[in-house]
1. In debye, nearest 20: dipole of the stretch 38-130 around its Cα centre with unit charges on the Cβ of K, R (+) and D, E (-)?
2. Subtract the Cα-Cα distance of Gln75 and Thr96 from 0.36 nm times their separation in residues, and report this length gain in nm to one decimal.
3. For the stretch 38-130, what is the relative contact order in percent, using Cα pairs closer than 8 Å and at least 6 residues apart in sequence?
4. Assuming a ≥ b ≥ c are the square roots of the Cα gyration tensor eigenvalues, decide whether the stretch 38-130 counts as rounded (a/c under 1.5), prolate (otherwise, with a/b larger than b/c) or oblate.
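Read the figures in this text as sums done on the coordinates, not as results from a lab. For clarity, every value in this text was computed on a predicted model and none was experimentally measured. Counting neighbours? That spans all protein chains shown, and the Cβs are built from the backbone with ideal geometry, glycine included.
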Amino acid sequence: MGLAVLLALLLIVGAVVAVVAVVAVVARRRPGPGGRSGPSGMSGLDAEVEANRWVVRLGGSLSPGAAGGDRTAAQALADAAERHRTARAQLAAARTPAEYALVTRTAVEGLDHVRTARTALGIDAGRGGELPGRPAGVRPAGVRPARGRVPFARSGDHPPGR
């Protein structure tokens, strides 16, 4: 009977040690405070969603032939289209939060080129503060708002017959 009690006690101690080890491993794998991890403070999925949002926004800002005859606007839109192609390729290959941050940075550069084109065409360049890493109200260099102009329409805001 003494052997059975000793064996039961060893099994209980072993089970407790196993549970503590599993809890420690799970705690190490769990993201930090707020569910964030990685150098950018975002989880991989959050960083991917954020990067994809900026790539889609850049793609929606591009419209072929919008520059008309303005060379500055045409060059800025060509540069924005190149950033869009690059960001899409980067997004397809990205796997880490740092790689997704690079995608976001590339897409934001493209949006800066779109703003340059809009300014050259005399169209409201929009709000500069809503881009990542830029405080509200701060515009990219050389971009100033055009007064009394109507901003580009968002998708779905097109007038009838368009």
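1. Charge dipole, the stretch 38-130, about its Cα centre: 140 debye, nearest 20.
2. Net length gain for the segment: 4.3 nm.
3. Details: 112 pairs, mean separation 34.9, N = 93.
Value for the stretch 38-130: 38 percent.
4. On the way: a/c = 3.16, a/b = 2.14, b/c = 1.48.
Prolate shape, in that a/c is at least 1.5 and a/b is the bigger ratio.
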